[in-house]
Amino acid sequence: PDADLIVVFGGTNDYGNGQAPLGEITDTSMFTFYGAVHTLCTNLKSKYPNAKIAFIAPLHRWNECGGLGTWKPDGVVQHHLCDYVKAVKDTCALYSIPVLDLFTNNEMPINDNDFRRDCAPDGLHPNDAGHKILAEFLQKFLRSGTESNDSLLLQYPQLPQPTSHRQR
């Protein structure tokens with residue numbers, strides 16, 4: 001199979017459902033989140049050796065710090081969404097895979113009432129307006145390149161330049 005570009009956007013359901021333990025950076029078992037990310041990275045690089053690969057870390061979500069969606073065996077909170085973001089970033093770094101991190105700088109502030117109303121009414125999933133903003137950030141990220149790769153979209157120069165949601 002051929003693929004020029006693969007973008008993986010995941011982690012929020014793993015955090016929200018808490019079906020598997022977070023694990024540690026050294027885990028390679030598919031039964032921890034860290035291990036599953038390792039497995040995904042390894043398999044993508046093996047199956048698509050010529051493809052450029054990028055990840056998008058989970059976005060903030062409404063009430064993420066209020067106990068909603070945190071993994072709680074026996075009612076004890078074990079991990080927070082930032083732990084899953086860190087797992088994606090740290091694991092991808094081992095494979096030289098760039099990560100678009102809109103979480104750390106709160107680029108899509110879903111906990112902000114106005115932003116949530118306009119862009120992610122359910123507090124998790126971006127609507128059309130939210131997807132437009134996400135697409136603009138992704139496009140800018142894919143054009144930017146990193147130390148580990150050239151711009152991921154060099155072959156598509158006709159795409160328009162993104163604008164920030166803060167300019168609306």
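The values are calculated or read from the model by the stated rules, or taken from the named source; none is laboratory data. What you see is a predicted model, and the numbers here were worked out from it, not measured in a lab. Virtual Cβ from ideal backbone geometry, glycine too; neighbours counted across all protein chains shown. Areas reflect the complete protein model, heavy atoms only, side chains present, ligands, DNA and RNA absent. Shrake-Rupley method; radii C 1.70, N 1.55, O 1.52, S 1.80 Å.
Residues in region 1-22 that are over 18 Å from GLU64 (Cβ atoms) and either open to solvent by 70 Å² or more (accessible area, probe 1.4 Å) or touching a residue at least 24 places away in the same chain (Cβ under 8 Å) (or both): how many? Give the derivation first.
Going through region 1-22, the residues over 18 Å from GLU64 (Cβ atoms) turn out to be 1-8, 20-21.
Among the residues that remain, those that are also either open to solvent by 70 Å² or more (accessible area, probe 1.4 Å) or touching a residue at least 24 places away in the same chain (Cβ under 8 Å) (or both) are: 1-8, 21.
Within region 1-22, residues that are over 18 Å from GLU64 (Cβ atoms) and either open to solvent by 70 Å² or more (accessible area, probe 1.4 Å) or touching a residue at least 24 places away in the same chain (Cβ under 8 Å) (or both) number 9.
Going by the conditions given, is TYR34 open to solvent by less than 30 Å² (accessible area, probe 1.4 Å), assigned to a helix (DSSP H, G or I) and at pLDDT 95 or above? Yes: the conditions hold for TYR34. The residues in region 112-126 that are of a type outside the set (A, V, I, L, M) and under 22 Å from ASN17 (Cβ atoms) can be counted, and the count is 6.
I need the full set of residues from region 127-143 which are of a type in the set (D, E, K, R) and either modelled with pLDDT of 95 or more or open to solvent by 40 Å² or more (accessible area, probe 1.4 Å) (or both), in order please. Walk me through it before giving the result.
First, the residues of region 127-143 that are of a type in the set (D, E, K, R): 128, 132, 136, 140, 143.
Scanning region 127-143 gives ASP128, LYS132, LYS140, ARG143.
Take the residues of region 80-97 that are touching a helix residue (DSSP H, G or I) at 6+ places or on another chain (Cβ under 7 Å) and open to solvent by less than 40 Å² (accessible area, probe 1.4 Å): which is modelled with the lowest pLDDT?
To start, the set of residues in region 80-97 that are touching a helix residue (DSSP H, G or I) at 6+ places or on another chain (Cβ under 7 Å) comprises 81, 84, 87-88, 91-92, 95, 97.
Among the residues that remain, those that are also open to solvent by less than 40 Å² (accessible area, probe 1.4 Å) are: 81, 84, 87-88, 91-92, 97.
Working: LEU81: 88, TYR84: 93, ALA87: 96, VAL88: 97, THR91: 97, CYS92: 96, ILE97: 95.
The selected residue is LEU81.
Listed by first and then second residue, the pairs linking a residue in region 87-114 that is in contact (Cβ under 8 Å) with a residue 12 or more places away in the chain to a residue that is acidic (Asp, Glu), with Cβ atoms under 8 Å apart and 6 or more places separating them unless they lie on different chains, are LYS89/ASP101; ASN111/GLU64.
For GLY23, the criteria (1) touching a helix residue (DSSP H, G or I) at 6+ places or on another chain (Cβ under 7 Å); (2) more than 24 Å from LEU102 (Cβ to Cβ); (3) not aromatic (Phe, Trp, Tyr) hold in every case but one, which is (2).
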